[in-house]
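Scroll down for the structure; my scribbles are underneath it.
The values are calculated or read from the model by the stated rules, or taken from the named source; none is laboratory data. As the structure is a computational prediction, the values presented were derived from the model and not from experiment. Quick reminder, even Gly has a Cβ in these numbers, built from the backbone with ideal geometry, and neighbours come from all protein chains shown.
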Amino acid sequence: MLDRIRRLRAAGVVGINARNTRYVADCNPSRLMPKVNDKLQTKRIAEAAGVAAPRLYGLVEIQAQVRRLEQILDGQEDFVIKPALGAQGDGILVIASRMKGGWRTAGGARITDREVAFHLSNVLSGMYSLNGLSDVAMLEERVKFDPIFDAVSYKGVPDLRLLVYKGVPCMAMARLPTRESDGKANLHKGGVGVGLDIVTGITDGAVHNNRMTDEHPDTGNALAGIAVPQWGEILRMAADCYTQIGLGYMGVDLVIDKERGPLLLELNGRPGLAVQLANGCGLQGRLDAVDRAGPDLADTAARLAFVRETFGRAATA
Amino acid sequence: MHLRLLCTSLILVALALFIYRWQVLDYPLVPDADSAVWEIEAQIDVEGAGESARIGLFVPPRGGSFGALEEDFISSGFALTTQSDAIGNRSAVWSTGNLVDRSTVFYRALFYKLPGTELSEEARTPPADLSPDLRYPPPGNEAEAAAAEQIASSLDADAAGVETRAALAIERLANAAAGTNGEALVGAEATDASIAAAAAAVLAASDIPARVVHGLPLETTRQSVSPEAWLEVWTGERWASFHAPTGDPFTPTNHLIWWRGASELLSVEGADVKRTSFALQRQQIGATASLGQRSELISDPMSGATLLALPVNTQNVFRLLLMIPVGALILVVMRQVVGIETIGTFMPVLIALAFRVTDLFYGVLFFTLLVSFGLLMRFYFAKLNLLLVPRLAAMLVVVILLMVGMSLLADSVSLGLGLSVALFPIVILTMTIERISVTWEENGPPDAIKQAIGSLVVAVLAYLAMSWTLLEHLLFVFPELTLILLAVMLMLGRYSGYRLTELGRFRDLAGAK
């Protein structure tokens with residue numbers, strides 16, 4: 001056991017306690033947390049800063065508005081219901097198309113108008129929010145995913161997670177849904193996390209249920225060697241989010257839309273550590289490098305240059 | 001750095017208080033360390049002749065190395081007063097206007113050996129501060145004074161120091177032959193008291209302050225004891241004790257001092273004393289129990305801070321309250337260091353508290369049954385698409401009904417068991433069921449079951465720690481130890497090492513290099 005601890009430390013693996021004390025508690029002042037916990041605030045801040053995000057059709061803020069769903073949608077055939085204070089993707093309902101007497105979900109299931117209304121009520125009553133606070137339901141544009149991950153996704157929403165420390169994107173992974181994760185990309189629900197080279201945006205090894213793997217558990221296709229398009233833009237968006245939000249240790253979740261390119265889905269004030277497994281590499285070394293560089297990283301350009309110079313394959317190896 | 005300073009000072013303060021109360025105030029470290037308490041009963045039978053009567057009895061003075069826990073003066077038809085005289089003696093005086101036939105008065109007291117000081121303050125009070133009443137021989141008796149002078153001068157050649165002189169004086173007087181000065185001083189029938197009094201007179205003739213002390217040796221239980229007398233001599237810094245009639249110096253740590261001076265124990269007017277008896281009984285009462293009684297005696301501010309002075313009901317509440325931090329610490333360790341996931345932050349501690357009433361086996365059984373049945377109902381309610389708050393309220397009712405049902409069932413198994421079911425925290429159980437079912441729906445049954453079992457494991461561990469009698473005793477008698485728990489929790493608040501469960505989670509990364 002002691003040997004395992006020594007080896008993990010040597011590999012620079014950051015544990016959950018270290019994340020909570022040294023990074024989340026010390027770098028993320030709690031007064032800033034509402035900016036990332038409330039997806040509505042995040043979206044407004046991001047859009048003001050020129051970071052693209054899925055369009056917001058409207059809000060359902062009180063029970064009486066549940067009946068006004070059609071009015072808010074204004075003819076949209078597909079949309080996403082998202083609790084503004086939701087965590088870990090809970091309470092997100094993706095509607096793919098309209099059908100007689102109801103809707104079809106992204107998973108292909110049929111859902112009646114009543115069930116959609118009930119879901120909205122649950123969201124408002126705070127069923128999915130942190131601490132059960134009453135919540136607001138956001139009705140958002142459904143992202144048309146870039147086909148880049150089609151071969152390695154089982155339905156659902158593949159997204160990108162960048163771990164940004166003091167404005168420097170340190171590690172990244174693509175999160176791919178599996179049959180087990182029920183269309184969600186959350187790793188603890190059975191999604192696959194694929195490590196991304198932080199400089200090039202090309203996939204490498206992957207993690208599924210905390211074990212390293214090379215292929216998607218459902219499709220069997222190889223996970224390595226996929227190049228994420230517009231990677232430079234993605235890095236810039238992640239770094240810009242720090243400038244706007246100010247959280248030192250932050251997870252930036254993005255999706256790539258076929259037409260609009262990378263869109264900011266949400267920010268996370270307590271990003272998990274599975275990204276280390278996906279990349280087969282501990283995080284500590286990179287976080288320490290950022291700390292050492294300190295005041296040199298004054299703006300986005302300097303930070304992105306730092307990423308290229310310090311975290312490149314050649315530099316790490 | 002700041003945190004470290006805070007934790008260190010918390011621990012130091014706690015340890016200092018703990019060691020002081022343990023070592024100096026002699027608070028018991030283990031639950032059943034008996035400390036001896038002596039029950040002394042003096043019984044005086046008198047027979048009156050139809051006139052007014054007055055019975056004076058010396059009783060142990062305040063101060064000294066023993067303290068009285070309880071004192072009772074028992075009689076029928078007598079009026080009681082207690083008096084202190086100029087030399088510090090205390091006496092009880094019973095008086096009545098008309099004592100016709102036999103009557104009995106009792107003095108009954110519980111004495112406890114005061115902790116710490118070998119020499120009581122009284123043994124260090126210089127004679128100058130004492131009353132001059134303590135004079136030997138009593139003034140006016142020229143013959144005895146002359147005899148004392150002669151013996152004193154005969155000692156001059158042999159004895160150098162005060163202590164040698166005292167020992168020698170007692171020895172000579174005890175072995176005085178008939179017709180000598182010694183016999184004149186001691187009297188025809190030599191007793192311990194008369195020898196000691198004679199020795200005091202001899203030493204007084206050489207200007208050494210000395211006095212007779214009467215006391216009871218508290219050693220073993222005895223049906224009948226009588227007070228012993230010995231000699232106290234002022235050495236210049238303290239009163240040294242010398243045994244009569246041997247003259248051996250000794251330290252009267254086990255002697256309860258009853259009175260000083262040449263006076264008799266009893267002074268009775270208007271009645272005949274038929275019998276005087278002393279009984280001595282050593283009682284083994286729990287140290288913790290005696291602590292409560294004795295806290296009033298010890299005039300130390302620290303001894304005031306004992307919870308044992310509270311009423312018993314309140315004490316029990318605090319016994320329980322002070323164990324909650326232990327449970328919370330177990331919880332913190334299991335979450336931060338081991339990495340066991342639980343449902344709700346303090347749920348396991350509250351369940352562990354309930355286990356204290358039900359016992360472990362029934363506790364786990366009831367908890368499992370309550371949660372399982374509750375979950376079945378919750379899954380049924382989920383089908384009805386109810387809103388959150390009404391659904392939670394409905395679950396609350398279900399949990400109460402389940403508890404009523406289970407109480408009846410449990411009582412048919414064993415009487416009294418039913419009540420214990422009712423002590424499970426209802427709201428906590430309701431929220432537990434809710435959380436389990438939400439986790440079940442969102443993260444799947446394995447996660448939910450894992451968290452439920454994790455909570456139960458932590459609850460059982462917390463229960464085991466919280467029902468450790470020694471720990472309960474320590475925290476109750478030394479509540480300052482809670483500060484140590486606080487310090488450990490604060491330090492764990494900045495614990496940044498790996499959790500044990502992470503060693504498994506990240507094992508692929510450990511192998512990579």
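Go through the stretch A:175-191 and give me each residue that's within 14 Å of chain B (Cβ to nearest Cβ) and among the hydrophobic types (A, V, I, L, M, F, W, C).
A:187
Somewhere in the stretch A:143-161, is a residue assigned by TED's automatic domain parsing to the domain that holds residue A:230, under 30 Å from residue A:293 (Cβ atoms) and surrounded by fewer than 21 Cβ atoms within 10 Å (Cβ to Cβ)?
Among the residues of the stretch A:143-161, not one is assigned by TED's automatic domain parsing to the domain that holds residue A:230, under 30 Å from residue A:293 (Cβ atoms) and surrounded by fewer than 21 Cβ atoms within 10 Å (Cβ to Cβ), which makes the answer no.
How about the stretch B:168-215: which of its residues are free of Cβ contacts under 8 Å to residues at least 24 places away in the same chain and part of a loop (DSSP other than H, G, I, E, B)?
Listed by number, the residues that qualify are B:175, B:176, B:177, B:178, B:179, B:180, B:187, B:188, B:189, B:207.
Considering A:139, A:120, A:93, A:124, which residue is surrounded by 16 or more Cβ atoms within 10 Å (Cβ to Cβ) and away from chain B (no Cβ under 14 Å)?
Unique residue meeting the criteria: A:139.
Among the residues of the stretch B:485-500, how many are in contact (Cβ under 8 Å) with a residue 24 or more places away in the chain and facing another protein chain (nearest Cβ under 7 Å)?
4
What number of residues within the stretch B:384-399 satisfy the criterion of being modelled with pLDDT of 85 or more, over 16 Å from residue B:351 (Cα atoms) and assigned to a helix (DSSP H, G or I)?
10
Could you list, in sequence order, all residues of the stretch B:245-262 that are small (Gly, Ala, Ser) and modelled with pLDDT of 80 or more?
B:247, B:261, listed by residue number.
Could you list, in sequence order, all residues of the stretch A:165-203 that are modelled with pLDDT under 85, over 14 Å from the mean Cα position of the chain (by Cα) and surrounded by fewer than 21 Cβ atoms within 10 Å (Cβ to Cβ)?
A:179, A:180, A:182, A:190
All but one of (1) modelled with pLDDT under 80; (2) more than 21 Å from residue B:37 (Cα to Cα); (3) of a type outside the set (Ser, Thr, Tyr); (4) touching a helix residue (DSSP H, G or I) at 6+ places or on another chain (Cβ under 7 Å) hold for residue B:305, so report the exception by its number.
In the conditions (1) modelled with pLDDT under 80; (2) more than 21 Å from residue B:37 (Cα to Cα); (3) of a type outside the set (Ser, Thr, Tyr); (4) touching a helix residue (DSSP H, G or I) at 6+ places or on another chain (Cβ under 7 Å), residue B:305 misses (4) alone.
Identify the residue in the stretch A:95-111 that is within 20 Å of the chain's Cα centre (by Cα) and part of a loop (DSSP other than H, G, I, E, B) and, among all such residues, is modelled with the lowest pLDDT.
Checked the stretch A:95-111; the qualifying residue modelled with the lowest pLDDT is A:107.
Of (1) surrounded by 19 or more Cβ atoms within 10 Å (Cβ to Cβ); (2) away from every other protein chain (no Cβ under 14 Å); (3) without any contact (Cβ under 8 Å) to a residue 40 or more places away in the chain, residue A:31 satisfies all except one. Which?
Every condition holds for residue A:31 apart from (1).
For residues that are touching a strand residue (DSSP E or B) at 6+ places or on another chain (Cβ under 7 Å) and part of a helix (DSSP H, G or I), scanning just the stretch A:296-310, find the one that is surrounded by the fewest Cβ atoms within 10 Å (Cβ to Cβ).
Among residues in the stretch A:296-310 that are touching a strand residue (DSSP E or B) at 6+ places or on another chain (Cβ under 7 Å) and part of a helix (DSSP H, G or I), the one surrounded by the fewest Cβ atoms within 10 Å (Cβ to Cβ) is A:306.
What tally of residues in the stretch A:99-117 results from selecting those that are surrounded by 14 or more Cβ atoms within 10 Å (Cβ to Cβ) and free of Cβ contacts under 8 Å to residues at least 24 places away in the same chain?
Residues flagged as surrounded by 14 or more Cβ atoms within 10 Å (Cβ to Cβ) and free of Cβ contacts under 8 Å to residues at least 24 places away in the same chain within the stretch A:99-117 amount to 6.
Specify the residue that is surrounded by the fewest Cβ atoms within 10 Å (Cβ to Cβ); the eligible residues are those in the stretch B:57-73 that are assigned to a loop (DSSP other than H, G, I, E, B) and in contact with a strand residue (DSSP E or B) (Cβ under 6 Å, 6 or more places away or on another chain).
B:61
Would you check which residues across the stretch A:1-24 are more than 7 Å from chain B (Cβ to nearest Cβ), within 13 Å of residue B:502 (Cα to Cα) and touching a helix residue (DSSP H, G or I) at 6+ places or on another chain (Cβ under 6 Å) and list them?
Result: A:14, single match.
Is the stretch B:280-289 home to any residue that is modelled with pLDDT of 65 or more, in a helix (DSSP H, G or I) and farther than 30 Å from residue B:92 by Cα?
For the stretch B:280-289, residues modelled with pLDDT of 65 or more, in a helix (DSSP H, G or I) and farther than 30 Å from residue B:92 by Cα: absent.
Report the residue count in the stretch A:238-274 for those that are at pLDDT 90 or above, within 14 Å of another protein chain (Cβ to nearest Cβ) and in contact with a Gly (Cβ under 7 Å, 6 or more places away or on another chain).
Of the residues in the stretch A:238-274, 0 are at pLDDT 90 or above, within 14 Å of another protein chain (Cβ to nearest Cβ) and in contact with a Gly (Cβ under 7 Å, 6 or more places away or on another chain).
Taking residue A:130, is it touching a Ser or Thr at 6+ places or on another chain (Cβ under 8 Å) and among the aliphatic types (A, V, I, L, M)?
So residue A:130 fails the test.
If I ask for residues that are crowded, with 20+ Cβ neighbours inside 10 Å and under 19 Å from residue B:339 (Cα atoms), which ones from the stretch B:461-484 would you list?
Listed by number, the residues that qualify are B:462, B:463.
Out of all the residues in the stretch A:43-72, which are polar (S, T, N, Q) and either modelled with pLDDT of 90 or more or in contact with a Ser or Thr (Cβ under 7 Å, 6 or more places away or on another chain) (or both)?
Residue satisfying the conditions is A:63 alone.
Kindly indicate whether any position in the stretch B:62-73 is more than 12 Å from residue B:270 (Cβ to Cβ), touching a Gly at 6+ places or on another chain (Cβ under 8 Å), at pLDDT below 85 and not hydrophobic (A, V, I, L, M, F, W, C).
yes
In the stretch B:440-460, is there at least one residue being crowded, with 19+ Cβ neighbours inside 10 Å, within 14 Å of chain A (Cβ to nearest Cβ) and in contact with a Phe, Trp or Tyr (Cβ under 7 Å, 6 or more places away or on another chain)?
Yes: the stretch B:440-460 contains one or more residues that are crowded, with 19+ Cβ neighbours inside 10 Å, within 14 Å of chain A (Cβ to nearest Cβ) and in contact with a Phe, Trp or Tyr (Cβ under 7 Å, 6 or more places away or on another chain).
Taking residue A:48 as the residue in question, decide whether it is in contact (Cβ under 8 Å) with a residue 24 or more places away in the chain and over 21 Å from the mean Cα position of the chain (by Cα).
Here the answer is no, as residue A:48 does not meet what is asked.
Listed residues A:156, A:195, A:205, A:191; which is closer than 30 Å to residue A:76 by Cβ, touching a residue at least 40 places away in the same chain (Cβ under 8 Å) and among the small types (Gly, Ala, Ser)?
Result of the check over A:156, A:195, A:205, A:191: A:156.
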